[in-house]
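Q: Take a look at this one; I'll ask things after.
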Amino acid sequence: MFELTFLGTSSSAPSVYRGLSSHLITHEQYRFLLDCGEGTQRQILRSGLGFKRLDTVLLTHGHLDHILGLGGLLSTLARWENLDKINVYGGKRALARVNNLLKVVFPGHKPPTGIHLNRLKAGAVIVENGRFQLSAFPVLHRGSDSYGYIFNEKERRPFLAEKADALSVPFGPERGRLAAGDSIELENGRIVTPDDVLGNHIPGVKYVHIGDIGVINETILTACKGADVLVMESTFINNEADMAKKFGHMTAVRSAALAKEIGVKTLILTHLSRRYGARQIQKEARAIFPRTYVANDFDQFQISKDGAVLTKNLLHKRIRIN
C-alpha cells in the first residue's frame with residue numbers, strides 16, 4: 001500500500017487555492033518527493049508531514065513550475081536535517097537546471113550534505129528490494145527528456161501460521177526462513193518447504209504517476225498496463241483540445257479515455273489550469289471514467305489493489321469544487 005499526498009496541484013503558476021506541482025509518496029520506510037514547484041517547502045510544513053527521511057526527489061521534467069522550489073528545499077535539507085545524502089533523479093535537462101540552482105544556493109562551496117544528481121534513462125530502476133520496485137519510463141512533453149514513474153509492489157505469499165503450527169514449526173528464525181522461500185529441517189528430521197506454509201500468490205499494488213504529457217504512445221500504454229491507480233495531468237478542458245495539443249498537455253477527456261482503455265481502477269487528475277474550476281474537469285472526466293478524482297492541495301489518498309481512496313485533507317477542510 002502507498003500513501004500519496006498532493007502538496008501542489010496547479011499548472012504553470014500558483015493560484016489562491018493551489019500550489020505548484022509537488023507530491024509526497026510514502027511506502028514502508030521510504031519517502032519520495034515527486035516534483036518540487038515553487039512553495040513546496042512551505043506546503044510540506046503546512047501539511048504537518050515534515051522533512052524527516054525526505055532524501056529522494058523524483059523530477060518528471062525540468063520546467064520551472066516543477067523544480068523551482070528545489071533551491072530552498074535543498075538548502076533546508078542540507079543545512080538542518082540529519083540526512084547523509086540527498087538523491088535527485090531526473091532527465092538531463094532537468095538536472096542541468098537543478099545544478100544551476102545549486103550554484104546559487106551554495107555559491108563557491110559544496111553543500112554540507114552530499115546532493116547527488118542522478119540522470120535517468122528509459123527503464124531505470126531507482127529502488128529495488130524484495131518487496132518493492134520504483135522505476136522510470138520516458139514521456140513526451142514538448143520533446144523528450146521527461147519521465148513518469150512506476151511504483152510497484154512485488155507479489156507476495158502470505159505466511160499461514162495455522163499450517164506452521166500444525167507442522168510444529170517453532171517460532172523464530174525457522175519461520176522467517178520459510179517466509180523468505182527457504183526450506184527447513186525440523187528436529188524430528190522432517191523437511192518443511194515454503195509451499196507447506198505459504199498461501200497463494202497475491203499481486204502487489206501498481207501505481208503510475210505521470211507529470212506533463214502531450215503524446216500517448218505504446219511506451220505509455222505498456223508502462224500503465226495493469227496499474228491500479230493512475231495519476232496524471234488535466235491542464236485543459238475538451239473545448240480547448242487544440243491548445244492542449246499545441247502546448248503538449250492533456251485534457252480531462254483524453255486522460256479519462258486513457259484510464260478507461262488500460263483498465264485502471266482509479267484515475268486522479270492534477271495540474272489544473274487556473275482558468276477552470278475543478279467541477280468542470282471532474283464532469284468531463286467522469287462522463288468517460290466514473291472513478292475519477294480531481295485532486296486538491298493537501299488531499300491524501302491510500303493506494304491499494306482496490307484503487308485509491310481519498311482518506312482526508314490535511315488542512316481538515318475541503319476546498320470547494322466550483
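No value in this document is a laboratory result; all are computed from the given coordinates. As the structure is a prediction and not an experimental result, all values here were calculated from the model. FYI the Cβ positions are ideal-geometry reconstructions off the backbone, even for glycines, and counts take in every protein chain you see.
Q: Which of these, R190, R175, R286, has the largest mean-square fluctuation under a Gaussian network model of the chain (Cα springs below 10 Å)?
A: R190
Q: Nearest 5 percent is fine: what portion of the DSSP beta bridges confined to the chain is antiparallel?
A: In the chain, DSSP labels about 60 percent of beta bridges as antiparallel.
Q: Related question: Of the labelled options (1) 1.01; (2) 1.04; (3) 0.95, which one gives Rg/Rh (Cα atoms, Kirkwood Rh) as computed for this structure?
A: (2)
Q: Multiply the residue gap between S144 and K225 by 0.36 nm, knock off their C-alpha separation, and tell me the result in nm, one decimal place.
A: Result: 27.0 nm gained on full extension.
Q: For region 1-135, what Kirkwood radius comes out of the mean inverse Cα-Cα distance, in Å?
A: Answer for region 1-135: a Kirkwood hydrodynamic radius of 15.1 Å.
Q: Over all Cα pairs of region 184-277, how is the pair count split among 5 Å bins, expressed in % and running from 0 up to the last occupied bin?
A: Bins of 5 Å from zero give 3, 12, 20, 17, 11, 7, 5, 4, 4, 5, 4, 4, 2, 2, 1 percent of pairs.
Q: Beyond 17 Å, what share of the Cα-Cα pairs of region 111-180 is found? Please give it as a whole percent.
A: More than 17 Å apart: 64 percent of the Cα pairs in region 111-180.
Q: Any idea how far the Cα center of region 262-319 sits from the one of region 160-188, in Å?
A: The distance from the Cα centre of region 262-319 to that of region 160-188 comes to 44 Å.
Q: Follow-up. At a Cα cut-off below 16 Å, give the lysines reachable from K121, other chains included and same-chain residues fewer than 8 away excluded.
A: Within reach: K92.
Q: Related question: Go through 237-244, 224-231, 137-144 and give me the packing order, highest mean Cβ count within 10 Å leading.
A: For the peptides 237-244, 224-231, 137-144, the packing ranking is 224-231, 137-144, 237-244.
Q: What do you get for GluC sites (Glu not before Pro) in region 1-63 restricted to DSSP loop and a cutoff of at most 13 other Cβ within 10 Å of the site's Cβ?
A: Values: sites: E3, E28, E38; in loops: E28, E38.
Answer by residue number: E28.
Q: Under a 10 Å cutoff between Cα atoms, tell me which one of R53, R157, R93 has the largest fluctuation in the Gaussian network model of the chain.
A: R157
Q: Within a Cβ distance under 10 Å of V264, other residues only, what is the Lys/Arg minus Asp/Glu net charge?
A: +3
Q: Over 23 Å between Cα atoms: which of K103/K245; K260/K305; K154/K265 fall into that group? Each step should come with its number before you reach the end.
A: Details: K103/K245 35 Å; K260/K305 17 Å; K154/K265 18 Å.
Distance filter (> 23 Å) returns K103/K245.
Q: Whole angstrom only: what separates the Cα centroid of region 53-103 from the Cα centroid of region 19-38?
A: 12
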